[in-house]
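Scroll down for the structure; my scribbles are underneath it.
The values are calculated or read from the model by the stated rules, or taken from the named source; none is laboratory data. In this text, all values refer to a predicted model and were calculated from it rather than measured experimentally. FYI the Cβ positions are ideal-geometry reconstructions off the backbone, even for glycines, and counts take in every protein chain you see. Areas reflect the complete protein model, heavy atoms only, side chains present, ligands, DNA and RNA absent. Shrake-Rupley method; radii C 1.70, N 1.55, O 1.52, S 1.80 Å.
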Amino acid sequence: MGSTYTPPWWLPGGNCQTVYARVLARNYAIEYQRQRWDTPDGDFIDLDWMNREVGAAKLLVLFHGLEGCSRSHYALSLMAMAQRMGWRGVVPHFRGCSGEINKLARAYHSGDAAEIDWIMRRLKRENPGCDLYVVGVSLGGNMLLKWLGEQGAAATSIVNGAVAVSAPVDLHAAAAVLDFGYRRAIYTRRFLRLLRAKVLGKIATHGLDIDIAAVRSCSTFRQIDDLYTAPIHGFKDADDYWTRASSKPLLKNIRVPTLVLNAQDDPFLPADALPRASEVSDSVTLEFPDYGGHVGFVAGSMPGHLEWLPQRVLNHLTAGC
């Protein structure tokens with residue numbers, strides 16, 4: 001569980017790391033090519049490709065976090081480093097996250113391993129000569145780990161290596177901290193502003209039987225998940241959703257070489273909720289640095305950079321360590 005990550009002296013604490021890392025996105029310029037895929041259930045997703053036409057033997061797939069996209073700071077820094085290494089890269093957007101609302105009443109959720117499954121299988125089928133490496137960040141990390149755990153050895157025929165960064169592997173524990181105190185004011189408030197607007201749009205478009213006033217007054221993940229996320233995606237309520245969608249119980253089934261990287265000062269997940277070595281398979285490497293925040297890991301002298309995280313990710317994927 002040791003790590004080479006050392007935070008800069010001028011950026012103390014997980015909250016500073018989490019917030020400041022977003023500022024550094026402006027230092028990375030990636031030109032993407034967009035492609036639209038129809039989904040198996042009659043919807044669509046958009047994929048942003050980096051070096052799509054390059055005949056590279058390695059393809060990096062990145063699944064973003066809650067309300068993230070191909071322009072999120074972690075996506076830009078990771079794709080920039082992959083580009084320097086001559087790889088191709090692709091960011092599949094979850095439904096409704098590419099700038100255009102999806103067609104169906106459903107959206108995406110933290111445990112949607114089935115969505116990961118058809119995307120990865122199609123990428124493998126359409127890129128038969130490529131080694132596929134996959135990274136999941138935050139919500140996308142939990143989804144990826146759940147898929148890897150459900151697939152077990154079968155995933156090794158699709159993916160050569162995987163990394164999950166700042167994944168909320170225990171959704172009950174994540175909600176317990178994000179729905180209260182300063183985290184609710186700093187983080188949850190921002191997410192809920194985006195999610196409320198999307199849910200209200202779904203109600204208007206699809207005539208969903210959901211209390212509009214209740215949606216507008218939502219101020220916690222429990223409330224929005226009870227009202228929309230859980231029932232629309234086949235769960236009884238928020239507790240049922242968080243239980244069935246958490247990846248932690250499935251980590252012992254993973255057979256693809258996988259790095260699980262979480263900072264112990266991550267404001268989105270308490271350190272005591274992180275998995276122990278006894279709870280994961282021999283294929284899983286746990287790395288829990290003391291610092292780094294939630295997908296922060298800023299390094300260097302002021303104003304800093306985001307190079308440590310993509311370097312660590314790609315080191316694992318190329319060396320399997």
Residues that are open to solvent by 50 Å² or more (accessible area, probe 1.4 Å), under 25 Å from Leu309 (Cα atoms) and touching a residue at least 40 places away in the same chain (Cβ under 8 Å), drawn from the stretch 35-58: Ala57, Lys58
Selected residue (only one of Val163, Val199 is touching a residue at least 24 places away in the same chain (Cβ under 8 Å), within 26 Å of Tyr32 (Cα to Cα) and buried (at least 21 other Cβ atoms within 10 Å of the Cβ)): Val163
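Each row is one residue, and each column tells you yes or no for (1) touching a residue at least 24 places away in the same chain (Cβ under 8 Å); (2) within 19 Å of His172 (Cα to Cα); (3) surrounded by 16 or more Cβ atoms within 10 Å (Cβ to Cβ).
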| residue | (1), (2), (3) |
| --- | --- |
| Gly234 | no, yes, no |
| Tyr241 | yes, yes, yes |
| Ser247 | yes, yes, yes |
| Leu269 | yes, yes, yes |
| Pro275 | yes, yes, yes |
| Val284 | yes, no, yes |
| Asp290 | yes, no, no |
| Val298 | yes, no, yes |
Residue in the stretch 74-88 that is nearest to Ala319 (Cα to Cα), counting only those that are part of a loop (DSSP other than H, G, I, E, B) and open to solvent by 30 Å² or more (accessible area, probe 1.4 Å): Met85
Look at the stretch 26-73 and say how many of its residues are over 24 Å from Ala114 (Cβ atoms) and either in a helix (DSSP H, G or I) or not hydroxyl-bearing (Ser, Thr, Tyr) (or both). 17
Could you tell me whether Gly14 is open to solvent by less than 20 Å² (accessible area, probe 1.4 Å) and within 23 Å of Val260 (Cβ to Cβ)? yes
Per the filter on the stretch 74-89, residues in contact (Cβ under 8 Å) with a residue 12 or more places away in the chain and out of contact with any Ser or Thr (no Cβ under 9 Å at 6 or more places or on another chain) are Ala75, Ser77, Leu78, Ala80, Met81, Ala82, Gln83, Gly86, Trp87, Arg88, Gly89
Looking at (1) touching a Lys or Arg at 6+ places or on another chain (Cβ under 9 Å); (2) farther than 21 Å from Ser281 by Cα; (3) surrounded by fewer than 21 Cβ atoms within 10 Å (Cβ to Cβ), find the lone condition where Glu126 falls short. (1)
